[in-house]
Amino acid sequence: MSAVAGLITRLAVAWVQFSTRFAALVLAGALLLVGAAGWYASGHLGIDTSTADMIAERLPWRQSFIDYREAFPQLERTLVIVIDGADRDQADLFRDELVSRLQVQSELLQQVYAPGADPFFQREGLLYRDLAQLQQLSGQLVEAQPFIGRLSNDPGSAGLFGLIADALAQPPADRTGVLLQRVAAVTAAVADGQPQALSWQALMLGEDEQPARHVVVATVPEGFAAAASAIRLVRETATAIDVTVEPVTVRLTGPVALEYEELASVASGVQRSAIGAFLMVLLVLSIALRSPWLVLATLVTLIAGLVLTAGFAALAVGRLNLISVAFAVLYIGLGVDFAIHYLMRVREAVAGGVSKIDALSDSAGDVGASLIICAITTSLGFFAFFPTTFRGVAELGLISGVGMYLSLIVTLSLLPAMLRFLPVRVRATGMQVGFLAPLAYSRAFWLWAIVFLMACALTLPWVSFDSDPLNLRDPAAESVSTYRDLMRDPDHAPRALSLLVEADEAARTSRRLERLPQVSEVRGLDDLIASQQQEKLALVDELNWILGAPVAVAESKSDSAQVAAAIARLRPVLATQDLPAAGKLDAALARITPDQYGQLDRALTGTLAYRLRALSAGLQARGFGAADLPSDVSERYLTADGR
C-alpha cells in the first residue's frame, strides 16, 4: 500500500510540475478545451421534461407505454384547458368560441379535442341521456313550448318583457312564477352594478342554476419552445374572448403545462441554488484563503470544470432530465473541495517562507494523493447510481461522477498554471489546525451529541416514502393545483390506466375490469355509442312534432328604444300582480337607468339565441353507430390496425 501511495504522490507532483513548467501551454489548451465544451454544450445540451422518460426503456411497462404512445400520438403531448363558468350557458358559449378560434392555429396546436363543441355531438347529444331523463326532459320542453316559440321569434330582452307581460295577463302558471323570480334576480344584479346571467338551460329544463365545467384537450408539437408558444396562445385567445356576462375561468394543466411549469420551476430553482452555492463558496474561500488572487484562481478553476462537465453531459447523454440538471449545484459544492485542500496547503507553505513554485510542487506531494483518492471514492459514490433503471438518477450519477475527475484535472493543471503568473502573498494567521481539539475531550460536547442523536432516532417512525411524482412539483403552480382539482372531480378525473388490446377483445376486457373494486369506470370506443337509440329517437320525433322543429331562431330586435318601450309596458302589468316576484321585478326595473339597457339585455338574453339553436340542433338527432363517430374521436380509441 505504501508503494501505491508513493506512486500516486509522485504522479501528483509530476503533474503539477508539468503544469507550472509549461504554464502558458496549459492555459492555452485549457482555454481552447473549455471554449469548445461550452460551445458544444450550448448547442447540444437540452432538457427532457418527461417524467416517463426518466425510467429506462428496457422495463416492460416502459415498452408498453412506448407502444401505446406510438399507437396514439395525439394522446401524448396534450395541453388540458379547464373552463369553469357560473352556469352552463356561459360555459358552453365560451367553450365553443375558444375552440373555434384555436382550431385555426394548426401550427401551434395540432388538434383541439372538445366533443361538446363538435356539431355531431350537439346533434346527437340527447341520445346520450338516460331514457328516463329524456322522458322527463320531453315533458318539460312540451310545457315550455309556448315560451320557446315566442322567444325564437324575438330572442332579446324586449321580446322577453313582452312575453312576461302577455303571460301575466292570464292566470299565472308555475313556470311563469319561476321565470319572474329569475328575471327579477338578474335585473336587480344589473341595477346594483354586479351583473349576472340568466341561465336559459336551467330555466328550460326546470333545474337550479349551477356552475359548469368543460375540459378541452389540445395536442402540442414536441419541444419546449412549442409548449411555451401554445400556452401563450391559449391564454391570449381566452383573454380576448368577450361573450359572457360573468367571468369564465380558464386554467391549464395536462402533460404539456405540467412539464413546462416544472421546467420553469426547476430552472429557476437550480439558478437560485447555483447562485447561492457560488456565493457561499466565495464567502468560504475569502475567509479561508485570504488572498484575492487565490480566490480568483479558484473561481476560474471552478467555472472551467463546470463548463467541461456540461460539455461531457452534452456528449454522453444529450438531454438532461429534471433530476440530472442538479449536477451543476452538486459540482459547485463538491468540485471546489479539491482546490480548497490544495490551496490551503499552498497558502500555509508560502506563509512559512517557501517560494511560490516550490509551494505548488510541495503541496502536490503533501495532499495530491489525498485529492486523487478522494476523487476516486466520491466518483464511485455517484457511479453507484448508474446501474439503476431510474434513468434520471443514473444520468446524474454518470455526469457528477465524471465531473469529480474533471474537477481534479483542472485543480492539478489549470490552477497551478494560473498561479505561475499570479502573485501569491499571504500572511500567517496564527490559526492552528488543532484549535478545535479541546472539543474532543469535552464531556458536555459528547453528552449533547448523544442527546441529539437519540432525538433524531426518535423521528424515524415518521419517515415515509412518497411515491407520487406529482408531489415533486410546485404545489402553487397553476398546472398542479388544477390537476389536483380535476382529481377531486369524478367527471374529469385525469388519472387512469390505459390498456392497448385487440379490438375484438375490448368488450371482454372491459367487462372484466368493471368487476374490479378498484375500478370506478371503464371507457372504450363502444361506450361512445348511445344505448336504446330507437326508443329515444321516438321521443325526439314527438318533440319535433310538438315544438315544430327545427326551431327557427330570429335575430334579436332589442335596441335601447325597444327595451325602454317593453319596460314601460311591463311595469304597469307587474303593479297589478300580487306575486312577490312581480313586485321584486318592478322594483328592480325602476332602478335600471337607460345606460344600463344594453347590459340588461346581455344579462337576460345574451345566451338565449345560442341555447335555442343548440336545442334545435339536438332535435335533429338521427341515430348513429361506431362508423358515424367523428374521426378525431374514434382515432383516440381505435388504431388503423385494429387495436
Starting from the residue with the highest accessible area, list MET418, MET487, MET454 in decreasing order, probe 1.4 Å. MET454, MET487, MET418
Considering only protein heavy atoms, what is the solvent-accessible area of GLU348 at a probe of 1.4 Å, reported in Å² to the nearest 10? 110 Å²
Using 0.36 nm per residue, how much length does the chain from ARG523 to VAL104 gain when fully extended, once their Cα-Cα distance is taken away? 147.9 nm
Whole-Hz Karplus ³J(HN,Hα) for the range 45-50, in order, using 6.51 cos²θ - 1.76 cosθ + 1.60 and θ = phi - 60°, x for Gly and Pro? 9, x, 10, 9, 8, 6
Given the chain, what whole percent of its Cα pairs are spread farther than 49 Å? 41 percent
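Once R0 is set to 51 Å, what does the formula 1/(1 + (r/R0)^6) return for the Cβ-Cβ distance between ASP192 and ALA267, expressed as a FRET efficiency to the nearest 0.05?
0.65
So for ARG391, ARG420, ARG21, what's the accessible-area order with a 1.4 Å probe, most first?
So the residues, ranked largest to smallest area, are ARG21, ARG420, ARG391.
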Over the Cα atoms of the range 489-643, what Rg and Dmax result, in angstrom? 25.2, 71
Could you tell me the largest-minus-smallest coordinate of the C-alpha atoms of the range 441-540 on each of the three principal axes, in descending order and whole angstroms? 94, 31, 21
Testing the spin-label approximation: label points 7 Å from Cα along Cα→Cβ at ASP641 and GLU542. State their distance in nm. 5.0 nm
Cα→Cβ-extended label distance, 7 Å offset, between CYS456 and VAL178, nm: 6.8 nm
Using the Cα centre of the chain as origin and beta-carbon charges of +1 (Lys, Arg) and -1 (Asp, Glu), tell me which of SER291, ILE546, ILE376 is placed farthest towards the positive end of the dipole. SER291
FRET efficiency estimate (nearest 0.05) - Cβ-Cβ, ALA240 to ILE373, R0 51 angstrom: 0.20
May I ask for the angle, rounded to the nearest 10°, between helix 580-591 and the longest principal axis of the chain, with both axes built from Cα atoms and the value confined to 0 to 90°? 70 degrees
Would you work out the Kirkwood radius for the range 144-239? I mean one over the mean of 1/r across all pairs of different Cα atoms, in Å. 16.9 Å
Given a Förster distance of 51 Å, report the FRET efficiency between ALA449 and ARG484 from their Cβ-Cβ distance, rounded to the nearest 0.05. 0.75
Rounded to the nearest 10 Å², the 1.4 Å probe accessible area of TYR40 is 70 Å²
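Rank these residues by their accessible area, most exposed first, probe 1.4 Å: ILE567, ILE340, ILE373.
On the way: ILE567 15, ILE340 40, ILE373 85 Å².
Correct descending sequence by accessible area is ILE373, ILE340, ILE567.
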What full-extension length gain, to one decimal in nm, is calculated for GLU502 and PHE624 as 0.36 nm per residue of separation minus the Cα-Cα distance? 41.6 nm
Inter-probe distance in nm under a simple model that places probes 7 Å from Cα toward Cβ, at ALA554 and ARG290: 9.7 nm
Between the residues GLY623, LEU233, PRO490, the Cα farthest towards the positive end of the dipole of the chain, that dipole coming from +1 and -1 charges on the beta-carbon of Lys, Arg, Asp and Glu, is from LEU233
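When the helices in the chain are scored as -39500 (n - 2.57) per DSSP H run of 4 or longer and the sum is shared across all residues, what 222 nm value do you end up with, to the nearest 500 deg cm²/dmol?
So the calculated ellipticity at 222 nm is -20000 deg cm²/dmol.
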For LYS536, what accessible surface area do you get with a 1.4 Å probe? Give it in Å², rounded to 10. 10 Å²
Taking the alpha-carbon centroid of each part, what is the distance from the range 83-101 to the range 16-70 in angstrom? 46 Å
With +1 on the Cβ of every Lys and Arg and -1 on the Cβ of every Asp and Glu, and nothing else charged, how large is the dipole of the chain about its Cα centre, in debye rounded to the nearest 20? 3020 debye
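Can you give the direction-averaged projected area of the convex hull of the alpha-carbon atoms in the range 1-43, in nm²? List each step's numbers first, then the result.
Working: hull surface 16.2 nm².
It is 4.0 nm².
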Report the rotationally averaged projected area of the range 251-318 based on its alpha-carbon convex hull, in square nanometres. 6.2 nm²
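Calculate the translational D of the range 30-170 in whole µm² s⁻¹ from Stokes-Einstein, where the hydrodynamic radius comes from the Kirkwood formula applied to all Cα pairs, the temperature is 25 °C and the viscosity 0.890 mPa s.
Estimated via Stokes-Einstein, D reaches 113 µm²/s.
Provide, as a two-decimal number, the C-alpha radius of gyration of the range 234-370 over 2.2 N^0.38 Å, N being how many residues it has.
That ratio works out to 1.67.
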Counting all Cα-Cα pairs in the range 99-196, those more than 20 Å apart amount in percent to 62 percent
Furthest towards positive pole of dipole, GLN17, PRO517, GLY353, structure part the chain, Cβ charges: GLY353
Principal axis box of the range 283-362, alpha-carbon based, largest edge first, Å: 50, 24, 16
May I ask for the Rg/Rh ratio of the range 360-412, computed from Cα atoms with Rh as the Kirkwood radius, given to two decimals? 1.13
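Please compute the length gained on full extension between LEU579 and ASP466, using 0.36 nm multiplied by the number of residues separating them and subtracting their Cα-Cα distance.
Additional length available on full extension: 34.6 nm.
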Rounded to the nearest whole Å³, what is the per residue volume of the convex hull around the Cα atoms of the range 564-643? 180 Å³
Can you compute the charge dipole magnitude of the range 144-263 about its Cα centre, using +1 on each Lys and Arg Cβ and -1 on each Asp and Glu Cβ, nothing else charged? Give it in debye, rounded to the nearest 20. 220 debye
For the modelled label position 7 Å from the Cα of LEU282 along Cα-to-Cβ, which residues of the range 301-344 have backbone nitrogen atoms closer than 16 Å? 301-304, 332-333
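The values are calculated or read from the model by the stated rules, or taken from the named source; none is laboratory data. All of these numbers come straight from a predicted model, not from anything done at the bench. All Cβ positions, glycine included, derive from the backbone under ideal geometry; neighbour counts span all protein chains shown. The protein model used for the area step is the full one, side chains on, heavy atoms only, and it has no ligands, DNA or RNA in it. Shrake-Rupley method; radii C 1.70, N 1.55, O 1.52, S 1.80 Å.
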